Amino acid sequence: MSTLAAILRFELLLAWRRRSALATTLGFFVIVASLFPLALGADPKLLRLIGAGVVWVAALLATLLGLARLFAADHEDGTLEQLRLAPLPLPLAVMAKLAAHWLLTAVPLCLAAPILGLQYGLSQGAIGVLVAGLLLGTPVLCLVGAVGAALTLGLRASGVLVPVIVLPLEVPVLIMGAGAVEAQASGLGAGPWLSLLAALFIVFLVAAPSVIAFALRISSE
Amino acid sequence: MPVFWTSVGDFLAMGGYGVYVWGAYGVTTLAVLAEVMALRGRARRSGPLTRRADEAHRS
Amino acid sequence: MATSTAARSMLFRYASPATFYPLAGRLWPWFAAAAVVLALAGLAIGLLVAPTDATQGDAYRIIFIHVPAAWMSMFIYLVMAFYAVLTLGFNTRLSAMMMRSLAPTGAMFTFVALWTGALWGKPTWGTWWVWDARLTSELILFFLYLGFIALQSAIDDTRRADRAGALVALVGAVNVPIIYFSVKWWNTLHQGASVSLTRAPSMARDMLLGMLLMAIACWMYSIAVALVRVRALIVERERDAAWLREAGAAD
């Protein structure tokens, strides 16, 4: 347990030293979401309709940014090798790493989302559902993305490969997250959608770290 | 089994849906041909090896 | 007991690329011939003999390729997932090569299913495309095939390429039902796009026969193409193996 905490603390520290990279992810998220009104026109009714979807797509793309390099540095300097040999099971180490990654890249997105929601004229209730969905959904995006990152470790084309592999697998999260906001707006209640998202979150939280660890083994053999 | 059509023109027109029907069958044929040609090209590139592999089992 | 050991030893014998190579070479012409004959028969019935559909007119003749292609696209992905399990579980080389040689054919059938579906949808529903659960899942299946092929061809080390591809194929196979149901539920939210795809099975006997023949022809085609491709893969990968080198020395 203490090793786990140590990895988490270490990763947070490392990421904090590279905080300009974190700001880039957040900036990307805000910029992408701000492009849509410019392309589609500023009709408030239209913006309210597409707001949640746009924020979700932007979040999906933003989480992809840092992922391709998630394990790269550890792979190059041999840390990954050390982690594989450490007494701590690799899936747990992976989980600690991803937790740090999520805290530093995805949580800022979730905090910035309400501002974007206001830009799109979403109601307060809709914004609440949007943030709740993002908090449940972004960990899944990180976990799925990490599978892609682990499989493409050390490949020259990994920057292009990760999105191609990962995006189709992330479709359910997108549908459920945006669906929750839409269901809330249409008066149906977001409960079922958020429950589905929570179920997906739990399933991935349990299954994905082992899959990621396995993928890392395949890639670094 | 009797042929349903009374003339070649009718057959090609497909009751007014000719563009759709022949568009579907044409592109499918192209896709299959592309795959077969790609495979033949691949076999030709490794031709000497293929011959060697086939002979390895004949003897 | 004795039979199971014999069966297993035979299985392992043919799981070796060196022994499977000539077997595949003997088998594929038969599958190819069967595919041609069955496809010609199926097309003759579907395009020449079967009568016009009362409700859809002649546009329905597209389903003679659309439905078999859609079946194949899903079935080939399942077979790939099966070979992926073998690859990861038993570390067999041949299963990985089979998985790899099926992928382009699966992607081809997925493309054909999408294309013919659009051409069927336009005259029948009045639109090229609907974001319905089946169509959307088929589109995402196409992306999954592309991702698999892209990953495999980006990795030079064959063992890593096999195992990474197998893992992606498996993760994709687990995801397909999740995708299907999430799109389905999403669709109930957007009632504008509801088009009933399930129609009464009032197909004439000739139509059913034509579709069945085409479906079997697609099967035979897939097997023949996969066998030819696996032979090419075996030759490319085993060029330094003893059974190929010795044959070269005999030249």
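Quick notes on this structure:
- When only the Cβ of Lys, Arg, Asp and Glu is charged (+1, +1, -1, -1), the dipole of the protein assembly as shown relative to its Cα centre reaches about 720 debye.
- Angle in degrees between helix A:2-17 and the longest Cα principal axis of chain A, rounded to the nearest 10: 60 degrees
- Amide H contacts of A:ALA68 (H built 1.01 Å from N, under 5 Å, at least 5 apart or other chain): none
- Chain lengthening between C:VAL36 and C:PHE181 when straightened (0.36 nm per residue, less Cα-Cα): 48.5 nm
- Shape of the stretch A:161-221, Cα gyration tensor, a/c cut at 1.5: oblate
- For the stretch A:22-135, the normalised intensity computed at q = 0.09, 0.19 Å⁻¹ comes to -0.32, -0.93 (log10 of I(q)/I(0), Debye sum over alpha carbons, equal scatterers, no solvent).
- Look at the alpha carbon pairs under 8 Å that are at least 6 residues apart: their mean separation over the length of the stretch A:109-202 gives a relative contact order of 33 percent.
- Computed over the Cα atoms of chain A, the ratio of the radius of gyration to the Kirkwood radius (Rg/Rh) comes to 1.00.
- Helical content of chain A, expressed as a calculated mean residue ellipticity at 222 nm, amounts to -28500 deg cm²/dmol (DSSP H runs of 4 or more residues, -39,500 (n - 2.57) each, divided by residue number, nearest 500).
- P(r) weight above 17 Å for the stretch C:38-151, C-alpha pairs, percent: 61 percent
- In sequence order, the stretch C:92-101 has phi-based couplings of 7, 6, 5, 4, 5, 5, 5, 4, 5, 7 Hz under the Karplus curve 6.51 cos²θ - 1.76 cosθ + 1.60, θ = phi - 60°, and Gly or Pro positions carry x.
- Phi-derived couplings, Karplus 6.51 cos²θ - 1.76 cosθ + 1.60 at θ = phi - 60°, listed residue by residue for the stretch A:143-149: 5, 5, x, 5, 4, x, 5 Hz, with x used for Gly and Pro.
- Here the Debye sum runs over all C-alpha atoms of the protein assembly as shown as equal scatterers in vacuum, and log10 of I(q)/I(0) at q = 0.06, 0.09, 0.10 Å⁻¹ comes out as -0.36, -0.79, -0.94.
- Table column - 3J(HN,Hα) (Hz), the stretch A:79-95, Karplus curve with 6.51, -1.76, 1.60, x for Gly and Pro: 4, 4, 4, 4, 5, 5, 8, 5, x, 5, x, 4, x, 5, 4, 4, 4
- Nitroxide proxy distance, nm - points 7 Å out along Cα→Cβ at C:LEU27 and B:THR29: 3.1 nm
- By the beta-carbon count within 10 Å of each Cβ, the least crowded to most crowded order of C:GLU236, A:GLU182, fewest first, is C:GLU236, A:GLU182.
A short reminder: the numbers here are calculations on the coordinates, not readings from a lab. Model, not experiment: these values are computed from the prediction. Methodologically, a virtual Cβ is constructed for each residue, glycine included, from the backbone with ideal geometry; neighbour enumeration extends over all protein chains shown.
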